[in-house]
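One structure is given below, encoded as structure tokens.
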Amino acid sequence: MSLPRLHQFSYDGDASWHKPLATAIQPVDPQLPHKMQLKHFVQVIEGNESPIVTPADNVKTLETVMAIKEATKTSNLIKLGKL
């Protein structure tokens, strides 16, 4: 996914240098993101919706950020588990 445009890149099936890369452009809601996030949070708390991001997703994000920080400080390659 590219930021800030939210273009999503993927392969149809297994990834390969010999297959074309598909691009999907995600629509952007014109509402303010923070208001949408707060509305969703309230719906989750009230039990009307499931969280979009799971605790496991948050752990992976933190591991990635910490690996980037470590790689920046040490100039070493940091290997992560399968994300």
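The values are calculated or read from the model by the stated rules, or taken from the named source; none is laboratory data. Just so it is clear, the structure is predicted and the values come from calculations on it, not from any experiment. When we count neighbours, we look across all protein chains shown, and the Cβ atoms used for this are built from the backbone with ideal geometry, even at glycine. We work out accessible area using only protein heavy atoms, side chains counted, and drop any ligands, DNA or RNA first. Shrake-Rupley method; radii C 1.70, N 1.55, O 1.52, S 1.80 Å.
Considering helices alone, the calculated mean residue ellipticity of the chain at 222 nm is -13500 deg cm²/dmol, with DSSP H runs of length four and up weighted by -39500 (n - 2.57) and normalised per residue. Qualifying trypsin sites (Lys or Arg not before Pro) in segment 11-83, where qualification requires a DSSP coil assignment and no more than 11 other C-beta atoms within 10 Å, comprise Lys79, Lys82. What you get for segment 1-54, charging only the Cβ of Lys and Arg (+1) and of Asp and Glu (-1), is a dipole of about 200 debye around the Cα centre.
Per-residue extension of 0.36 nm, minus the Cα-Cα distance of His18 and Thr74, leaves a gain of 16.7 nm for this segment.
What a 1.4 Å probe finds exposed on segment 35-83 is 62% carbon and sulfur by accessible area, rounded to a whole percent. The length gained on full extension between Phe41 and His7, counted as 0.36 nm times the residue separation minus their Cα-Cα distance, comes to 9.7 nm. For the pair Ser50 and Gln31, label points projected 7 Å from Cα toward Cβ lie 2.0 nm apart. The chymotrypsin sites (Phe, Trp or Tyr not before Pro) of the chain that meet both conditions, a loop assignment by DSSP and at most 15 other Cβ atoms within 10 Å of the site Cβ, are Tyr11, Trp17.
Assuming 1.306 mPa s and 10 °C, estimate D for the chain with Stokes-Einstein, Rh taken as the Kirkwood radius over Cα pairs, in µm²/s. Before the final figure, lay out each step's value.
Numbers: Rh = 16.4 Å.
Estimated diffusion coefficient is 97 µm²/s.
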